[in-house]
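Enquirer: Mind having a look at this structure? Questions to follow.
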Amino acid sequence: MLSLALADDAELRPLEPWRTAEFAAHVAKIREELKPWIPWAYTVEDEESARALLQDYADRQAADTGRLYGIWVDGELAGGTLFRTFDAAQGVCEVGVWLAAAHRGRGLITTAVRHMIDWAFDVRGMSRVEWHCAPGNAPSIATAERLGFTYEGTLRSAAEVGGSRRDYQIWAMLADERP
């Protein structure tokens, strides 16, 4: 996939290590928006740490265990989507997302994730796609609902983010249940 149009002015493309400077600048610009929800908002602090994250996802893609995509609006990195986990043998993956506030409300995330879900089920034969989010992340919950995910429960104190323990809701869609 070289690029996928999400709107007249927006596209989804792989977010690869050669885009380190652009990614580091993007994170710096929206870090405070990301911190309540995205663990790497605390760890991507410069180009070196940005490259490490992008390389980690490049390695995951090579190993078929994850993928990372950027969303560009008018040529500027505005957010992204990812397969945070991807276990082809078990048929289970998890999608994740982020988007700068200035670009929310246009359906970019919904459109991108629909394509990812279709690819996971139709091309890769996955059985289950998961969506994890913090219970207080209303936009993320609304997107999961809009996409047709089913809420399955909350993992209490499931992860440490920014020095505090966080709960995570688990939403899922099964291949034979998708809308």
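Enquirer: Ignoring any ligand, DNA or RNA, what whole percent of the accessible area of the range 96-179 comes from carbon and sulfur when the probe is 1.4 angstrom? Write out the running numbers ahead of the final one.
Expert: Numbers: 2070 of 4260 Å².
The value for the range 96-179 is 49 percent carbon and sulfur by accessible area.
Enquirer: Quick one: compute the contact order of the range 1-102, relative version, from alpha carbon pairs under 8 angstrom and 6+ residues apart, as a percent.
Expert: Numbers: 156 pairs, mean separation 25.6, N = 102.
Dividing the mean separation by the residue count of the range 1-102 yields 25 percent.
Enquirer: So, one more: Among DSSP beta bridges lying fully in the chain, give the percent that are antiparallel, nearest 5. Don't jump to the answer; show the numbers that get you there.
Expert: Numbers: 37 of 41 bridges.
Restricted to the chain, the bridges split so that about 90 percent are antiparallel.
Enquirer: Give me the mean projected area, in nm² to one decimal, of the convex hull enclosing the Cα positions of the range 20-59.
Expert: Directional mean of the projected Cα hull area for the range 20-59 stands at 2.5 nm².
Enquirer: What 222 nm value per residue comes from the helices of the chain, counting each DSSP H run with n ≥ 4 as -39,500 (n - 2.57) and dividing by all residues, nearest 500 deg cm²/dmol? Spell out each step's value before the answer.
Expert: On the way: 4 runs with 53 residues, N = 179.
So the calculated ellipticity at 222 nm is -9500 deg cm²/dmol.
Enquirer: Would you work out which of HIS132, GLY153, LEU12 lies farthest towards the positive end of the dipole of the chain, given +1 charges on the beta-carbon of Lys and Arg and -1 on that of Asp and Glu, about the Cα centre?
Expert: Comparing the listed Cα positions along the dipole, GLY153 ranks first.
Enquirer: Please compute the contact order of the chain in relative form: average sequence separation of alpha-carbon pairs under 8 Å and at least six residues apart, divided by the residue count, as a percent. All intermediate terms of the calculation are to be shown ahead of the outcome.
Expert: Details: 303 pairs, mean separation 30.2, N = 179.
Worked out over the chain, it gives 17 percent.
Enquirer: Quick one: putting +1 on the C-beta of Lys and Arg, -1 on the C-beta of Asp and Glu, what dipole do you get for the chain around its Cα centre, in Debye to the nearest 20? Write out the running numbers ahead of the final one.
Expert: Working: 19 positive and 27 negative charges, 73 e Å.
Roughly 360 debye for the chain.
Enquirer: On to the next question. Rounded, prolate or oblate: which fits the range 98-179, taking a ≥ b ≥ c as square roots of the Cα gyration tensor eigenvalues, rounded meaning a/c under 1.5, else prolate when a/b beats b/c?
Expert: Oblate, since a/c reaches 1.5 and b/c is not below a/b.
Enquirer: Over the range 1-64, average the accessible area per residue using a 1.4 Å probe and give it in Å², no decimals. Walk me through the intermediate numbers first.
Expert: On the way: 3660 Å² over 64 residues.
Here the residues of the range 1-64 average 57 Å² of exposed surface.
Enquirer: Determine the distance separating the Cα centre of the range 1-36 from the Cα centre of the range 70-122; give it in Å without decimals.
Expert: Rounded to whole Å, the Cα centres lie 11 Å apart.
Enquirer: Got a number for carbon plus sulfur as a percent of the range 1-47's accessible area, 1.4 Å probe? Write down the numbers at each step before the final one.
Expert: Details: 1450 of 2650 Å².
Exposed carbon and sulfur together represent 55 percent of the surface.
Enquirer: Given a 1.4 Å probe, how much area per residue of the range 75-179 is accessible, in Å²?
Expert: Working: 4990 Å² over 105 residues.
Counting only protein heavy atoms, the per-residue value for the range 75-179 is 48 Å².
Enquirer: Which three numbers, in whole Å and largest first, are the semi-axes of the equivalent ellipsoid of the range 43-85 derived from its Cα gyration tensor as √(5λ)? Display every interim value, and only then the final one.
Expert: Working: eigenvalues 69, 46, 12 Å².
Working through the eigenvalues yields semi-axes of 19, 15, 8 Å.
The values are calculated or read from the model by the stated rules, or taken from the named source; none is laboratory data. As the structure is a prediction and not an experimental result, all values here were calculated from the model. Cβ coordinates were reconstructed from backbone atoms using ideal geometry, including for glycine residues, and neighbour counts include every protein chain displayed. Heads up: the accessible areas ignore ligands, DNA and RNA and are worked out on the full protein's heavy atoms, side chains in. Shrake-Rupley method; radii C 1.70, N 1.55, O 1.52, S 1.80 Å.
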